[in-house]
Structure formats: C-alpha cells, structure tokens
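The values are calculated or read from the model by the stated rules, or taken from the named source; none is laboratory data. These numbers were taken from a predicted model, which means no experiment stands behind them. Backbone-built Cβ (ideal geometry, glycine too); neighbour counts: all protein chains shown. Surface accessibility is based on the protein's heavy atoms, side chains included, excluding ligands, DNA and RNA. Shrake-Rupley method; radii C 1.70, N 1.55, O 1.52, S 1.80 Å.
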Amino acid sequence: MLINRNNYEEFFLLYIDKELSPADTEAVEAFIAANPDLAAELNLLQQSIALPETKEFTHKENLLAQNGIIPSLMEKLMLHLDGEASAVDSLLVEQVVQKDKNAAAEWTILQQTKLDKADNIVFPYKQQLYKKSTGRVVAIRWWRMAAAAIVIGFGLFTGINFLKNNNTGHSVASVPATVTPGLKNETSIDPANKTTLNTAIQPANNTTQNTPLTAAARQPQQTKANPLPPSYTQPAQKNTDVLATAQQKQNTLPTTNASPLEKINNNASNNLDMASVTPVVTNNDIAKIEVVKSNTPAAIQTNTLAINTAFNTTDEDEDDGRYAVNDESDNKRSRSKIGGFLKKIKRTIERKTNTANSDDEIKIANLSFAVH
Amino acid sequence: MTEQEYNECVTLYADNVYRFVLKNLRHEEDARDVVQTAFEKMWVNRQQVENSRCKSFLFTVAYNQMIDHIRKNKRVVLKDEFGETEKTINRQQHDVKKALQAALNTLNETQRSLVMLKDYEGYNYEEIGKITGLNASQVKVYLHRARLQLREYLVKPENVI
C-alpha cells in the first residue's frame with residue numbers, strides 16, 4: 001500500500017513509533033517532501049512522545065549489604081532491639097548473632113545506641129504540681145447558729161444550777177441538823193427563846209423538805225430526839241410538831257400546826273427574851289446564829305453564800321461538839337472533786353503565806369476582809 | 001480521675017515527663033514550663049482522662065507543647081549549633097553515655113523524641129504514634145533511621161567507643 005493524502009495519518013503514527021519498515025519510512029519522508037503542508041502535522045505527533053528521564057536513587061547505601069549484613073537482617077536486628085520483633089524473628093536474630101561474627105558486632109553496636117532507663121532526672125518542682133482540695137465547706141445558717149446557741153445556753157444554765165445545788169444542798173442540809181440540837185438545849189432552858197428561834201428556823205426546815213437527801217438524813221435524828229411514830233414524819237407537819245412538842249414537853253401531837261406557834265408569837269415576852277439571848281452568844285456561834293436569823297425563805301436562797309462562808313469560818317472550831325454534823329458535811333464536800341481541790345488550794349496558800357484565818361475574817365486572794 | 005489519682009500521677013510520672021522534655025529542649029526553665037502545662041491540662045481535663053491512660057496523656061500534651069515551643073522560639077538552629085559544640089567537646093571523651101548523649105543531640109526533635117519514648121518509657125510503635133501523631137509505620141521508619149544515625153555517630157573514628 002502506498003502513502004497518499006487519504007491514509008497518511010496511519011503512516012505518520014507508525015513513523016513516530018518507528019514501527020515502519022525502511023522502505024515505508026523512505027516513502028513517508030518522500031511524501032513529506034512532496035507535501036510540505038503536512039510536515040507541521042508530523043512535528044506535532046512527534047512532540048507527543050515522552051522522552052526517557054534520568055532519575056537517580058539516592059539511598060542505594062541502604063540497600064547495600066554493610067559489614068556483611070544485608071538490610072533485611074539489619075531491620076530485624078533493630079526490631080529485636082526495640083522489642084517489636086515477633087517471637088520467630090527474635091529467635092532467628094539470636095541464632096544469627098550467635099553464628100555470624102559480623103551480625104554479633106553489629107548487634108553490640110546497636111545495643112549501645114539504646115538509652116539507659118536508669119538515667120533519672122528528678123523534677124525539682126513536684127510539690128507545685130500536687131493538688132489539695134480544701135474540703136467541703138458547709139454554710140451555717142442562722143437557725144443552726146441559733147439552735148447551737150440555745151443548746152450551749154441550756155447546757156451552761158443546767159451545769160451552773162447543778163453545781164450550785166450541789167454546794168447549797170450540802171450546806172442547807174446541814175442547817176437543821178446543826179441547829180436542832182442547840183435548839184433543844186435551849187428549849188430545855190428557856191421555852192420562850194426556843195420558840196422564837198423555832199419560828200425563824202421553820203422556813204429553813206421547809207426549805208430542806210424540798211430536798212429528798214435532807215429529809216432522809218434528818219429522819220434518824222428526829223427519831224432519836226423525839227420518838228414519834230413513823231407516820232408523823234410528813235415534812236410539813238413534822239417540824240412544827242417537833243417545835244410544839246418541845247414547847248409543851250408532850251408527845252401528843254397538836255391538833256393544828258398554826259395554833260401553838262400563834263400562841264408563842266403572840267406572847268410579847270418572847271421578843272424580849274430574844275433580845276436578851278443575842279448578846280450571850282459566843283464568837284464561835286456568831287455565824288450560826290446569823291444563819292438562823294436569816295433563815296427566812298427568801299433569805300435562804302440569797303444568803304447561801306453567806307451560810308457557806310459562815311460554815312467555812314467554823315471549820316477551825318472542831319472542838320465544838322455542836323458542829324459535828326457540820327464537819328460531816330464539810331467532809332462530804334471535800335470528798336467532791338471541786339471541794340477537795342478548793343481545800344487543797346486553801347491549805348497550800350496558808351502554808352506558803354504562813355497565814356491562818358482568824359475567827360472574824362475571811363481571806364480571799366490573800367486579802368483580808370472584815371466580816372463585821 | 002480523682003485528686004488522689006492525679007497526685008499519684010505527679011509522683012510517678014513528673015520525673016519522666018521532665019526528663020523527656022529537658023533532653024529535647026535542653027533548657028530547664030522551658031522544660032519546667034512544659035511539664036507544668038502538661039499537668040495543668042491533665043488537671044483541667046481530669047474528668048475525661050482515665051487513670052490508666054494518664055501517662056500517655058501527659059506525654060502527648062508534653063510532646064505537643066514541646067514542638068510548639070520549639071517552633072515558636074526557633075530553638076532548632078540554636079540546638080544544632082549547640083550540638084556541634086558539644087560534639088567537639090565530647091571528642092575527647094570516650095564515655096559511652098556522653099558519646100551517646102552527643103549523638104542524640106545530632107538528631108532532630110522528632111527522631112530524638114521517638115528514641116526517648118522508646119528507650120526511656122518503653123512505649124511500642126503504636127503508642128508512640130498516638131503520642132506523636134504519626135502512624136506506626138512512620139514511627140518504625142523514623143526510629144530506624146535515628147538508630148542508624150546514632151550508630152554512624154558512634155562508629156566514627158573521632159567518637160570511637
């Protein structure tokens with residue numbers, strides 16, 4: 001087949017691909033020369049052919065065997081070093097290292113590239129990193145504060161009252177027991193004076209009736225002094241009965257509580273006797289008598305301190321038999337913790353300062369106050 | 001993560017994170033800042049961080065902070081210069097440890113981080129990839145190149161072990 005203007009494209013494509021025979025190649029070149037208008041089209045087809053580029057692989061050394069070790073073994077060595085090789089590969093590497101000197105040397109060098117875990121560096125500012133929460137904060141509302149204040153206040157009030165009752169209880173309990181013998185002595189001497197004193201004492205006895213301990217403590221004494229039947233130990237009637245019995249020197253009970261006392265109080269001579277008795281009282285009896293004088297119901301509570309003080313001043317007078325019960329109450333008080341502590345302090349101060357209280361003064365904080 | 005667990009993390013991993021950062025930055029104050037930032041972020045995100053993953057969380061945050069710090073302060077140039085100086089000094093030293101430290105300084109920060117995470121902390125390729133944001137294949141390739149580089153440094157006549 002000859003080339004002509006109808007089939008020249010096929011001849012041109014074969015020409016640029018160098019697929020034509022030499023005869024056909026010469027025929028194509030002759031055709032181009034005869035038809036110069038088709039030469040440009042042949043040039044365009046020739047430019048579409050990609051020319052070969054020269055690219056050089058730059059990491060050929062990684063593929064080369066180094067020191068007698070091929071790259072695949074080197075990779076396995078490094079995987080084994082990192083602990084990432086499989087069990088089979090690890091076993092294989094260990095066998096190769098044991099057999100091959102080059103592999104063993106390479107393994108030694110690679111091991112030296114591994115960083116030492118023991119290369120410790122301590123972070124010196126660790127304390128600044130610790131967190132410590134402040135804990136749960138509970139807001140106290142006003143009603144909680146009020147409830148707390150009420151509880152504290154009630155506790156204080158109860159505690160003070162308890163302590164106060166403890167102190168006054170012992171002291172007051174001793175009053176009738178202390179006074180009664182004296183009264184009985186005096187009643188035996190002068191019934192008029194006795195009745196006057198009894199009227200003063202009676203409120204004190206009434207006060208002691210309120211404390212069960214006092215009533216219980218007093219009961220045996222009454223039985224001894226006045227052998228009344230047990231049925232007459234009712235508190236309200238008992239004291240007045242004792243007084244009435246002392247006045248009339250009879251064991252029969254009065255029909256009313258008030259009638260003997262009214263008779264006595266209405267007697268004008270009693271007041272005179274009272275006045276005549278007072279100066280006769282000795283110094284040791286001053287406190288006692290004053291306690292008796294002030295034994296009105298109102299004065300009992302207000303003068304509790306005074307009574308205690310009076311009893312304290314009589315502690316020294318242990319010779320007086322009338323205060324035997326008083327000493328017993330002191331013993332009870334000293335047995336209590338606070339009483340013992342106070343007594344110890346008192347003795348220590350007296351021993352240190354070499355001072356002893358006289359009968360007519362009380363020393364408080366090493367200061368003297370006149371009692372008169 | 002509770003407060004107690006957080007404090008245990010401080011006790012257990014503060015030194016490790018500090019070593020990792022300090023060996024990369026070679027600047028104590030900057031390393032301290034990075035460590036504090038890492039723990040601060042863990043404290044802020046303690047509700048989301050499980051106690052078992054606190055170490056990798058710390059290293060991830062510390063690594064990112066460290067890379068940001070390097071890029072911001074362009075310490076790479078300074079580091080390279082410093083590495084050359086140190087290399088010169090260490091020519092006279094035949095102590096393996098110091099030579100290895102000098103070789104480590106010739107690596108770039110990524111390679112150095114990979115080597116330290118692998119050798120110091122014992123992480124595998126997968127875990128290192130999670131910390132550094134690479135995949136396991138990249139970690140493997142980068143790490144092996146770093147090893148070869150360290151090896152080449154150590155076998156040079158001037159750095160003969």
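In sequence order, what are the phi-derived ³J(HN,Hα) couplings for the stretch B:16-27 according to the Karplus relation 6.51 cos²θ - 1.76 cosθ + 1.60 with θ = phi - 60°, rounded to whole Hz, with x for glycine and proline?
The phi angles translate into 5, 5, 5, 4, 4, 6, 5, 5, 7, 7, 6, 8 Hz.
Which entries in A:LYS99/B:LYS140; A:LYS99/B:LYS156; A:LYS126/B:LYS55; A:LYS99/B:LYS97 show an alpha-carbon gap greater than 23 Å?
Values: A:LYS99/B:LYS140 27 Å; A:LYS99/B:LYS156 26 Å; A:LYS126/B:LYS55 16 Å; A:LYS99/B:LYS97 29 Å.
Cα-Cα > 23 Å for A:LYS99/B:LYS140; A:LYS99/B:LYS156; A:LYS99/B:LYS97; rest within.
Measure nothing but the geometry: give the 0 to 90° angle between the long axis through the Cα atoms of B:54-73 and the longest principal axis through the Cα atoms of chain B, rounded to 10°.
Between the helix axis and the principal axis of chain B, the angle is about 60 degrees.
Using only Cα atoms, tell me the angle between helix B:28-44 and the longest principal axis of chain B; keep it within 0 to 90° and round to the nearest 10.
It works out to around 30 degrees.
Could you give the dipole magnitude of chain B about its Cα centre, charging the beta-carbon of Lys and Arg +1 and that of Asp and Glu -1, in debye to the nearest 20?
Working: 25 positive and 23 negative charges, 121 e Å.
Computed charge dipole of chain B: roughly 580 debye.
Using Cα pairs under 8 angstrom and six or more residues apart, how large is the relative contact order of chain B, in percent?
Values: 141 pairs, mean separation 34.6, N = 161.
That works out to 21 percent.
Within 10 Å of each Cβ in peptide B:143-155, how many partner chain Cβ atoms are there on average? Round it to a whole number, please.
4
Taking a probe of 1.4 angstrom, what is the accessible area of A:SER86 in Å², to the nearest 10?
60 Å²
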